[in-house]
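*Asks:* This structure is in structure tokens; I'll ask about it shortly.
Nothing in this text is a laboratory measurement; each read-out follows from the coordinates by a stated rule. Given the structure is predicted, the values throughout are model-derived calculations rather than measurements. Don't worry about glycine lacking a Cβ; one is built from the backbone with ideal geometry, like all the others, and counts go over all protein chains shown.
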Amino acid sequence: MRRYLVTILVITALIVISGLTLGFQNIKLSGFERGSDNPLGLKLGLDLQGGSHLVYQTSLEDALGNQIQPTEAQMDSLRRIIGRRINETGLGDPVIQILGEDRLLVQLPGVSDPARAKTIIGETARLEFKHRQIDVTVPVVLKPSSIKSIHIGEFPETLTDEAGDLQEIIENPLADLPTSSAELEQIISTSTDDTLVTDTVDEANKPESNSPDNSNAQEISFLVIQLDDEAAETLDLVIQRMIESTLAYASGLKSQYTVNRLQVSISGKNEVRTVELPLQLIARVPDTNMFAMALITGIGQPIASSIDKTKELFGPELEFELVEVIGAIDEDVGLTGDDLSRAYAGTQSTTGMPIVNIEFNAQGAKRFGELTRELLNTEDRLAIFLDEEELIAPGVNAVITGGSAYIEGRDFTPDRAKDIAQLLEAGRLPIPIELVQERDVDAILGADSLKKSVIAGSVGLLLVIIFMILYYRIPGLIAAIALILYASFLLTVFKLIPVTLTLSGVAAAILSVGMAVDANILIFERMKDELRSGRTLLTSINVGFNRAWPAIRDGNVSTLITCAILFWFADTLGASIVQGFAATLAIGVLISMFSAIVISKTFLRLVATLSISRKTNWFVPVGKKFLPKSSD
């Protein structure tokens, strides 16, 4: 008994460790954490608990637009960054594997929000801070020779063309403008107030905004210019930019600061007037190179109380200048997420709204301080972009030199703020990727597969135990105990490593149960032969184990070699199912060898020291032909 004390203590310690490991759903010891919400706290694969199966293809191009293969270092960096992103979001334990040279497999077992997971994986997290210049004026260059004619006043019916002939104007594109000051002010509400520069101000000719005539039927004066083809194309491009910025503003894609306008300065006699024209107050006359502009100020008033007074203000000899007012230009200042030292989600202290707190490194803090100093006391904004999508464009009311700030967004939720912070912390993807394959496994289907797997494994184990006890009697009972311990040790190893248990892994584990029994059968058959030859029980046990060991060793080693080959090819070809099968089977084979050679052998030796060992017929298969020759 004392001879086997150390072995018994080791087996007892393993039983206790196994019981504690499987008895607690989650294990936390210092920095060591294991467990999950699954049965026994095991880590289940995609096919057993549902989730998402995603395959990404890299889309790396050279300067000519040709597809190029990423390097091994780039793919490894991609795998690590995506793994870090998913782990930090708490979306589950991902299975991430490089497929071939340019594909990445991402499996998310038990993920409850696949859309969020795909967003987290695919975003590049490129944070940029830009100086948004507001209302940048750019002159529209029109050569004097390109202006064929100018008309101010009522909308003309004809204009003299370049050849000196009268050209009839069939349609006024601005004919539907209202004359009420309130309606006019509504039309130009997307524009800022006009700028009025007057050398000599004629107070008598200034419109009275409160007069009845101005609030009802007011006469609108028009500036109509005729240009050559080149100048007309230039002005068309300006109008097109105005249309695009207005549509972007109307759809909510851009802020009010990005709406472009056209500014026209008219000089005549001693009068200079500058009026900003939003998109609604300028149009090209159809089928001509003529452009009409309604001369209305930013408060919805014509520049003079009547058309006649407009003509009187400027006289026949007038000049004009066009300036495009670009609502906003974003200037790159070289400040990006690479200059961050930390990013974390939080809430704004006064409003309670979700925010992303950011802390710059020394270089970033210096750049950020310089940028806020430039923006202080100006109308310019600090535009913040994530992956070229604007998050927010706040003004600056103080110089920030400490290197700490926060970002808020119109669509920020606690999850969104957390995701952005984690993306910035994890870093941007080294190469662009695109989703090429997606497969979702329903959680119900996964639970059904798990249930059937557990039933199959339990029934198989029970049948093997019944067979071993009925056929081999006491050795079969010992083998059954060793088999139960084998199963618990196997699950313990799966939990502690941890092993992601898939349907193929369950199949491998069940197969390894059969292999564990196979080792016991070889041993028991050799024991039977030794007993029949007249040896004692203890001697038969020792000899039987020694003679069975080469067959057990060779069979299990060949299986392990096969597992290694399967694992290597599966890893190379990206066949995660085969890889899981090979790894699980190899672990099962190693534990089964320990179970048969150590546990079964020790227990049999212990039984051989008891009085029951005298009943030799209890240690051989049923039937008289298996009894030792010396027994009755």
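*Asks:* Tell me which of Val138, Pro302, Thr58 sits at the most positive position along the dipole axis of the chain, charges placed on C-beta atoms (Lys, Arg +1; Asp, Glu -1).
*Replies:* Positive-end residue among those listed: Thr58.
*Asks:* Sticking with this one: On C-alpha positions alone, give me the angle between the axis of helix 443-472 and the longest principal axis of the chain, in degrees, nearest 10.
*Replies:* Approximately 10 degrees, to the nearest ten.
*Asks:* Test of understanding: ordering Asp387, Asp442 by Cβ neighbours within 10 Å, fewest first, what list do you get?
*Replies:* Ascending Cβ contact count within 10 Å gives the list Asp442, Asp387.
*Asks:* Which net charge results when you count Lys and Arg as +1 and Asp and Glu as -1 among the other residues whose beta-carbon is under 11 Å from that of Thr71?
*Replies:* -4
*Asks:* Could I ask something else about it? For a quick check: sort Met515, Met527 by the number of other beta carbons within 10 angstrom, fewest at the front.
*Replies:* Met515, Met527
*Asks:* Then there's this: As a check on your grasp of the helix formula, calculate [θ] at 222 nm for the chain: sum -39500 (n - 2.57) over DSSP H runs of n ≥ 4, divide by the residue count, round to the nearest 500.
*Replies:* -14000 deg cm²/dmol
*Asks:* Name the long-range amide H neighbours of Val140: under 5 Å, sequence gap of 5 or more, or other chain; modelled H, no Pro or chain starts.
*Replies:* So Val140 has HN proximity to Leu322, Val323, Glu324.
*Asks:* Give a residue-ordered list of calculated ³J(HN,Hα) values for the range 516-521 (Karplus: 6.51 cos²θ - 1.76 cosθ + 1.60, θ = phi - 60°; whole Hz; x for Gly, Pro).
*Replies:* Listing the rounded values in order: 5, 5, 4, 5, 5, 4 Hz.
*Asks:* Which one, (1) 27.5, 98; (2) 41.9, 142; (3) 34.1, 101, gives Rg and Dmax of the Cα atoms in Å as derived from the coordinates shown?
*Replies:* Here the calculated entry is (2).
*Asks:* Moving on. Quick one: Karplus J couplings for the range 150-156, per residue in order, coefficients 6.51, -1.76, 1.60, θ = phi - 60°, nearest Hz, x for Gly and Pro?
*Replies:* 9, 9, 10, x, 5, 5, x
*Asks:* Hey, what angle do you get for helix 5-23 against the long axis of the chain, alpha-carbon based, 0 to 90 degrees rounded to 10?
*Replies:* 30 degrees
*Asks:* Then there is this: Enter the angle in degrees (range 0 to 90, nearest 10) between the Cα long axis of helix 576-594 and the first principal axis of the Cα atoms of the chain, meaning the one along which they spread out most.
*Replies:* Rounded to the nearest ten degrees, it is 30.
*Asks:* Give me the extension gain from Arg342 to Tyr4: residue separation times 0.36 nm, minus the current Cα-Cα distance, reported in nm with one decimal.
*Replies:* Length gained, Arg342 through Tyr4: 115.9 nm.
*Asks:* Still on this structure, please answer the following. Given a cut-off of under 8 Å on Cα pairs at least six residues apart, what relative contact order in percent is computed for the chain?
*Replies:* Contact order relative to length: 19 percent.
*Asks:* Let me ask something else. Hey, can you grab everything whose amide H is under 5 Å from the amide H of Glu331? Only 5+ residues off in sequence or another chain; H modelled, so Pro and N-termini drop out.
*Replies:* His131, Arg132, Gln133
*Asks:* In which sequence would Glu185, Glu530, Glu72 go, from the one with the fewest C-beta neighbours within 10 Å to the one with the most?
*Replies:* In increasing order of surrounding Cβ atoms, one gets Glu72, Glu185, Glu530.
*Asks:* Turning to a different aspect of this structure: So, counting K/R as plus one and D/E as minus one, what does the shell of residues with Cβ under 13 Å around Leu491 add up to?
*Replies:* With Lys, Arg at +1 and Asp, Glu at -1, the neighbours total +3.
*Asks:* Okay, next question. Collect residues whose amide H, placed 1.01 Å from N in the peptide plane, falls under 5 Å from the amide H of Leu262; neighbours closer than 5 in sequence don't count.
*Replies:* Answer set, sorted by chain and number: Leu277, Val325.
*Asks:* From Cα pairs below 8 angstrom and at least 6 apart in sequence, can you work out the relative contact order of the range 126-410, rounded to a whole percent?
*Replies:* 27 percent
*Asks:* Right, something else. In what sequence, highest mean first, do 129-137, 612-620 appear when ranked by Cβ atoms within 10 angstrom?
*Replies:* 129-137, 612-620
*Asks:* What's the ranking of 595-606, 342-353, 277-288 by average number of surrounding C-beta atoms within 10 Å, highest first?
*Replies:* 595-606, 277-288, 342-353
*Asks:* Still on this structure, please answer the following. If I model a spin label as a point 7 Å beyond the Cα along the Cα-Cβ vector, how far apart are those points for Ala248 and Lys452 in nm?
*Replies:* If labels sit at Ala248 and Lys452, their model points lie 5.5 nm apart.
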